[in-house]
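Chemist: Let me begin by handing over the structure; questions about it come next.
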Amino acid sequence: MSDAASVSPKRIFITGGSGCIGHYLVEALLQDTPHELFLLLRNPAKLLLNWQHQPRLHVITGDLRQAQTHAGLLATMDTVVLAATSWGGAQEIYDINVTANLDLMALLDPERCQQVVYFSTASILNQANEPLPEAGALGTDYIRSKYDCYLRLPEQAIAPRITSVFPTLVFGGDKDKPYSHISAGLPEVCKWMWLIRFLQADGSFHFSHGRDIAQVVAHLIDHPPLPGADRRVVIGNPSLRVNDAIAEMTEYLGMRQFFGIPLSAWLADRIIDLFKIEMAPWDRFCIQYRHFIYQNPINPASLGLPTYCPTVSDLLRVSGIPAG
């Protein structure tokens, strides 16, 4: 993390501070930097951290869609972190994930604001870190909103100072932080490992823990990309093959693998048809695409910092899943 004594204090406006990643980021910035934080929250009760006695943290109750209400405050910001997102309701998803984010960026002072850290998702990128057309054509409402917003970033006056971060599969959560969607389902997956261990799948992915994502973003806040540098940052550990992940989970849980049944795309389609499983176009695309991997993913180790969760075993351990 940054050495607070050597960093000039910044005024940082944050949306999405009550989410999984947001909790880790706010905690990291309070513990390891001298920055003053302004959190825009629709429901401050969702902020589980003990913030009431933090003099550098200011909670602003409001809706991202009414950012104009805070135009005067936004014009005084040195850094803005846009991590808020909506998952449900097609119109709300577009209003928040696209329109509201762009409207807020328009309220910033390009002469004052040093950097906007905009949270997207790695799902909208191809293996060359370029926009994936299928994300716009076949994606869920959430995926399409992230795809559309990212394509419109170059139109913004603040565009030269926007750093887009693309988290890969996000894990995290504990007693004072909400769990990510994936982490919430991890115990159920482990219950089925007795069966999953007999399957093999041709696929690969990256993952990252919320605490590690927060470390990377905190570093970016104090060390913005240099002029002319690539401002696309994919956050994740090195890519991992699905079969290797299954083997590591199996070993951690104390199970043995005797053989593996190849789960091809063809077989997956037959299973889906046999059991009449409803699949959205994006789900079917993901089954065919299989390898959600990216170039030059960044994690704390890439920056010379300790990584909280570098392996699947570490992930299971910090998630409270006992080893077999």
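The values are calculated or read from the model by the stated rules, or taken from the named source; none is laboratory data. No experiment lies behind these values; they were computed from the predicted model shown. Note: ideal-geometry Cβ built from the backbone for every residue, glycine included; neighbour counts use all protein chains shown. Just the protein is used for accessible areas: all its heavy atoms, side chains included, with ligands, DNA and RNA removed. Shrake-Rupley method; radii C 1.70, N 1.55, O 1.52, S 1.80 Å.
Chemist: As I understand it, the dipole of the chain uses +1 on the Cβ of Lys and Arg and -1 on the Cβ of Asp and Glu, about the Cα centre. Which of C309, L49, T250 lies farthest toward its positive end?
Modeler: The residue sitting most towards the positive pole is T250.
Chemist: Residue by residue through the stretch 45-60, what is 3J(HN,Hα) from phi via Karplus (6.51 cos²θ - 1.76 cosθ + 1.60, θ = phi - 60°)? Round to whole Hz and write x for glycine and proline.
Modeler: 5, 7, 7, 7, 6, 7, 9, 4, 10, 9, x, 8, 10, 10, 9, 10
Chemist: Could I ask something else about it? Please give the per residue accessible area of the chain, computed with a probe of 1.4 Å over protein heavy atoms only, in Å².
Modeler: Per-residue accessible area for the chain comes out at 47 Å².
Chemist: Rounded to whole Hz and in sequence order, give me ³J(HN,Hα) for the stretch 225-240 from the Karplus expression 6.51 cos²θ - 1.76 cosθ + 1.60, θ = phi - 60°, writing x for Gly and Pro.
Modeler: Result, rounded to whole Hz: x, 5, x, x, 6, 5, 9, 9, 10, 8, 10, x, 6, x, 4, 10.
Chemist: Classify the stretch 59-152 as rounded, prolate or oblate from the Cα gyration tensor: take a ≥ b ≥ c as the square roots of its eigenvalues, call it rounded if a/c is under 1.5, otherwise prolate when a/b beats b/c and oblate if not.
Modeler: oblate
Chemist: For the chain, compute the number of Lys pairs whose alpha carbons are separated by less than 27 Å, excluding pairs fewer than 8 positions apart on the same chain.
Modeler: Total qualifying Lys-Lys pairs in the chain comes to 9.
Chemist: Something else: Rank by packing, highest mean first: peptides 83-93, 236-246, with packing defined as the count of other Cβ atoms within 10 Å averaged across residues.
Modeler: Highest-to-lowest ranking by the protection proxy: 236-246, 83-93.
Chemist: Is the stretch 177-273 best put as rounded, prolate or oblate by its Cα gyration tensor, with a ≥ b ≥ c the root eigenvalues, rounded for a/c under 1.5, and otherwise prolate when a/b is larger than b/c, oblate when not?
Modeler: Judged from the Cα gyration tensor, the stretch 177-273 comes out prolate (a/c at least 1.5, a/b above b/c).
Chemist: Also, I was wondering about something else. Picking from P227, P167, P297, which is most flexible by a Gaussian network model of the chain using Cα springs under 10 Å?
Modeler: Most flexible of the set in this elastic network: P227.
Chemist: Turning to a different aspect of this structure: Quick check: with the 1.4 Å probe, what order do F207, F198 take by accessible area, largest first?
Modeler: F198, F207
Chemist: So what are the ³J(HN,Hα) numbers for the stretch 159-176, from phi and the Karplus equation (6.51, -1.76, 1.60; θ = phi - 60°), rounded to whole Hz, Gly and Pro as x?
Modeler: Running phi through 6.51 cos²θ - 1.76 cosθ + 1.60 with θ = phi - 60° gives 3, x, 10, 8, 9, 8, 10, 10, x, 8, 4, 9, 10, x, x, 7, 4, 10 Hz.
Chemist: While we're on this one: Can you list the residues, at least 5 places off or on another chain, whose amide H is less than 5 Å from the amide H of F292, using H built in the peptide plane?
Modeler: S204
Chemist: So what does the Cα-only Debye profile of the chain read at q = 0.07, 0.12, 0.14 Å⁻¹, as log10 I(q)/I(0), no solvent term?
Modeler: -0.30, -0.86, -1.16
Chemist: Quick check: from the Cα gyration tensor, does the stretch 224-324 come out rounded (a/c under 1.5), prolate or oblate?
Modeler: Oblate.
Chemist: Could you order W192, W51 so the one with the most accessible surface comes first? Probe is 1.4 Å.
Modeler: W192, W51
Chemist: Moving on to the next point. Are there trypsin sites (Lys or Arg not before Pro) in the stretch 139-189 that DSSP marks as loop and that have at most 16 other Cβ atoms within 10 Å, and which are they?
Modeler: Here the trypsin sites (Lys or Arg not before Pro) that fit, given the DSSP loop and packing criteria, are K175.
Chemist: Tell me which residues come under 5 Å, amide H to amide H, from H35 once H is placed; ignore anything under 5 positions away on its chain.
Modeler: For H35, whose amide H was placed from the backbone, the distant partners under 5 Å are K10.
Chemist: On to the next question. Ranked from highest to lowest mean number of other Cβ atoms within 10 Å per residue, what is the order of the peptides 303-311, 23-31, 111-119?
Modeler: 23-31, 111-119, 303-311
Chemist: Here is a further query. For the chain, build the charge dipole from Cβ charges (+1 Lys, Arg; -1 Asp, Glu) around the Cα centre, then report which of L102, A214, Y150 sits farthest towards its positive end.
Modeler: Value computed over the given set: A214.
Chemist: Related question: Rounded to the nearest 20 debye, what is the charge dipole size of the chain about its Cα centre when +1 sits on each Lys and Arg Cβ and -1 on each Asp and Glu Cβ?
Modeler: Dipole of the chain, to the nearest 20 debye: 340 debye.
Chemist: Sticking with this structure for a sec: Keeping the other protein chains in place, figure out the carbon and sulfur percent of the accessible area of the chain, with a 1.4 Å probe.
Modeler: It is 56 percent, rounded to a whole number.
Chemist: List the residues, sorted by chain then number, that are 5 or more residues from V117 or on another chain and whose placed amide H is less than 5 Å from its amide H.
Modeler: Correct list: V80, V81, L82, T163.
Chemist: While we're here: Would you kindly find the accessible area of L41, with a 1.4 Å probe and non-protein molecules such as ligands, DNA and RNA excluded, rounding to the nearest 10 Å²?
Modeler: Counting only protein heavy atoms, L41 exposes about 0 Å² to solvent.
Chemist: Residues in the stretch 14-35 near a label at Y179, defined as backbone nitrogen under 19 Å from the 7 Å Cα→Cβ point?
Modeler: 18-24
Chemist: Only helical DSSP H runs with n ≥ 4 go in: add -39500 (n - 2.57) per run for the chain, normalise by residue count and round the 222 nm mean residue ellipticity to 500 deg cm²/dmol.
Modeler: -9500 deg cm²/dmol
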